[in-house]
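> Just passing along the structure, written as C-alpha cells.
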Amino acid sequence: MRAINKDIEKYISDVGKNLVCAGKLKKQIMADLENEVYDYAESNGIGDISQIVSRFGSPQEIAQMHLADAEPQTIKNAVSVRRILVSAAIIAVVLVVFSYLISCLIADESKKNILRFEYTNGEAVSYYESWE
C-alpha cells in the first residue's frame with residue numbers, strides 16, 4: 001500500500017499543478033480529491049495508480065473539469081496573480097544583475113592604482129602603477 005500512497009500523492013500534486021484557481025480553492029479541491037481517492041483505493045483494494053486514473057481521470061482532465069465549473073473572474077484573478085509573481089521575479093533578477101554590474105564598475109574605478117611587486121637581482125621591489 002505504501003507504493004500506491006506515493007503514487008496517489010504525486011497524482012494529487014499533479015492535479016494541483018494543473019488547477020487554475022485561487023490557492024484556498026485549490027487546496028480545498030485537492031483535499032476533497034485526496035479523500036475520495038484514498039476512500040476508493042481502500043474500499044476497492046486498489047494497488048495500481050492506473051486504476052485510479054481510469055476511475056477519476058488524468059490530472060489534466062480533473063483540472064479541466066474544475067476549470068469548466070469555475071467562474072471567469074476566479075480564473076482571471078488566478079492568472080493575474082501568476083503574471084504578477086513572474087513579473088516580480090524577472091524584475092528582481094534584472095535588479096540583482098544590474099546591481100552586480102554597477103558594483104563591478106565602481107570596484108574597477110577604485111583600483112586605478114595597483115601595487116606591483118618585482119624581483120630584481122634577488123631583491124623585491126614594490127611600486128604603484130597607475131592605469132591612467
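The values are calculated or read from the model by the stated rules, or taken from the named source; none is laboratory data. In this text the structure is predicted, and so the values were computed from the model without any measurement. FYI the Cβ positions are ideal-geometry reconstructions off the backbone, even for glycines, and counts take in every protein chain you see.
> Just to be sure before I move on: is Ile91 part of a helix (DSSP H, G or I), at pLDDT 65 or above and farther than 30 Å from Cys21 by Cα in the structure I sent?
no
> Where the second residue is among the acidic types (Asp, Glu) and the first is closer than 18 Å to Ala63 by Cα and lies in region 20-49, which pairs have Cβ atoms under 8 Å and are six or more apart or on separate chains?
That search, which allows pairs on different chains as well, returns Ile49/Asp7.
> Mind listing whichever residues of region 1-52 are among the basic types (Lys, Arg) and at pLDDT 85 or above?
Lys6, Lys10, Lys17, Lys26, Lys27, listed by residue number.
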